[in-house]
Amino acid sequence: MREKKFATKSVHFTEKEISKNRSKSKPIYQTSAFVFQDLDDMESFYRGEKEYLYTRYGNPNSDDLGKGVASLEQAEDGVATSAGMSAILVALLALLEKGDHLIAANDLYGGTYQLLAEELPKLGIDVSFVPFQEREVVKRAIRKETKVLYSETVTNPLLRVEDIHQVVELGKEHGLSTVIDNTFATPYFVQPLTCGVDVVVHSATKYIGGHSDVTAGVVVGSAEIIQQVRQKVATLGCNLSPFEAWLASRGLKTLALRMERQGENAQALATFFADHPGVSQVFYPTTVSKRGNGAIVTIRLAEKVEAATFFESLDWVKIAPTLAGVETTVSYPIQTSHRTVPESLRQELGIDKQLVRISVGIEDIEDIMAAFDKAIKKAGS
Ligand SMILES: Cc1ncc(COP(=O)(O)O)c(C=O)c1O
């Protein structure tokens, strides 16, 4: 059968099923457990004849989300988790054990940095952070205990585009698994598994959900790896609740539309900032994909622009320590997402008091430009 294209898949990832009450939208299975007729019926779950027993092990709504993202990422299977952070944790715990070594890019999301730098070593997993743009440095960091290479498709907040082919090549050369956080690019722009990556993780809190009303994560990969990840999710209680899964699945249906519009707006805003006297540097990638370059624009305000006044003067644009909703929002990495990154590394990367991350929404681009222009002018340009 001919494979459906991206937008169709994102709308139709749930099976066409007519439920007893003929509800058009999928019901929310807001239940912690599933009931059985008798003991033999209950045993049928363990024989693999019944799908559900207990929501921590699996639930129709969280399964929908895992399978929906898997289909868009062209993965065999996927599992939903309680947050992006738990998605990263269970993915890595499925691949690593005590004594192993992980090499991660040094310009990751601050929360991921903290998880890898502070928690994994307590489990006996050693972690090295290296600049992934320097292939030789990554290569030199590989030891006999190294098992995994970890990076982000587009990094947070400086939007460096990872050379995924190079990471995969290095991984294959040395027998290492590769894990990529595809939160910023989303499968609309990049599908890392098609480049040979083993596991993709998402903070579904961001573009998958798309409306800033849910905290969720997803891990996708081969059926074999996801089976192991699912086990970790159940054992550690990292499952996503049914209602959150339902919300994120609803968001997923409009992913293509949102990304197209938000990507176009971001491109226009980046072009606008390039000539703005109040902006000294624009970080907007040019090589993410044929479909566009994502919907985040990071800027460095000129020295004469006072950051606090800029944030105060943003009119209808909300200040929020998140990204990816349909509304345009701004965040201040030094104070939020990258607060836990050591000062010396922040300086090395260029995450300073003038750096602003903008999550571009679906509003009319003229209104977005006018709001930023006004705030920059008021703050000293
Ligand atoms: C790239 C990236 N990965 C993972 C996370 C963590 O996701 P969550 O907040 O859903 O746990 C974030 C959060 O901002 C992120 O930006």
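Rule-based calculations on the coordinates, nothing more; no lab input. As the structure is a prediction and not an experimental result, all values here were calculated from the model. Glycine also receives a Cβ, built like all others from the backbone with ideal geometry; neighbour counts cover every protein chain displayed.
List of remarks:
- Candidate aspartates and glutamates - alpha carbon under 19 Å from residue 20, same-chain residues fewer than 8 apart omitted: 51, 64
- Volume per residue of the convex hull around the Cα atoms, evaluated for segment 255-378, comes out as 105 Å³.
- Gain on full stretching of the segment that runs from residue 373 to residue 119 - 0.36 nm per residue minus C-alpha separation: 87.2 nm
- With the biggest extent put first, the Cα atoms of the chain measure 74, 54, 38 Å across the principal axes.
- Using θ = phi - 60° in the Karplus curve 6.51 cos²θ - 1.76 cosθ + 1.60, the 3J(HN,Hα) couplings for segment 185-190 round to 7, 6, x, 4, 9, 9 Hz; x is entered for Gly and Pro.
- Sorting the segments 44-51, 334-341, 61-68 by their residues' average number of neighbouring beta-carbon atoms within 10 angstrom, most packed first, yields 61-68, 334-341, 44-51.
- Candidate aspartates and glutamates - alpha carbon under 13 Å from residue 353, same-chain residues fewer than 8 apart omitted: 303, 306, 343
- Listed pairs 98/147; 206/374; 144/232; 9/50; 5/172; 16/67 exceeding 18 Å between Cα atoms: 206/374; 144/232; 9/50; 5/172
- Per-residue packing, averaged as other Cβ atoms within 10 Å, sorts the ranges 236-242, 76-82, 363-369, 273-279 into the order 76-82, 236-242, 273-279, 363-369, beginning with the highest.
- Burial ranking of peptide ranges 223-229, 247-253 (average Cβ count within 10 Å, highest at the top): 247-253, 223-229
- Hydrodynamic estimate: the Kirkwood radius of segment 40-128 over Cα pairs, inserted into Stokes-Einstein at 37 °C and 0.692 mPa s, corresponds to D of 213 µm²/s.
- In a DSSP loop and with at most 14 other Cβ atoms within 10 Å, there are no chymotrypsin sites (Phe, Trp or Tyr not before Pro) in segment 172-246.
- Note that segment 66-114 carries a Kirkwood radius of 12.6 Å, evaluated over its alpha carbons pair by pair.
- Between residue 47 and residue 223, the FRET efficiency from the beta-carbon distance, with R0 = 30 Å, is close to 0.95.
- C-alpha long axis of helix 60-73 to longest principal axis of the chain, angle in °: 60 degrees
- The GNM of the chain, with springs linking C-alpha atoms under 10 angstrom apart, assigns the highest mean-square fluctuation among 35, 360, 330 to 35.
- Taking the number of Cβ atoms within 10 Å of each Cβ as an exposure proxy, the fewest-first ranking of 190, 138 is 138, 190.
- The angle between the Cα long axis of helix 84-95 and the main principal axis of the chain comes to about 60°, on a 0 to 90 degree scale.
- Among 216, 302, 266, the largest mean-square fluctuation in a Gaussian network model of the chain, built with springs joining Cα atoms closer than 10 Å, belongs to 302.
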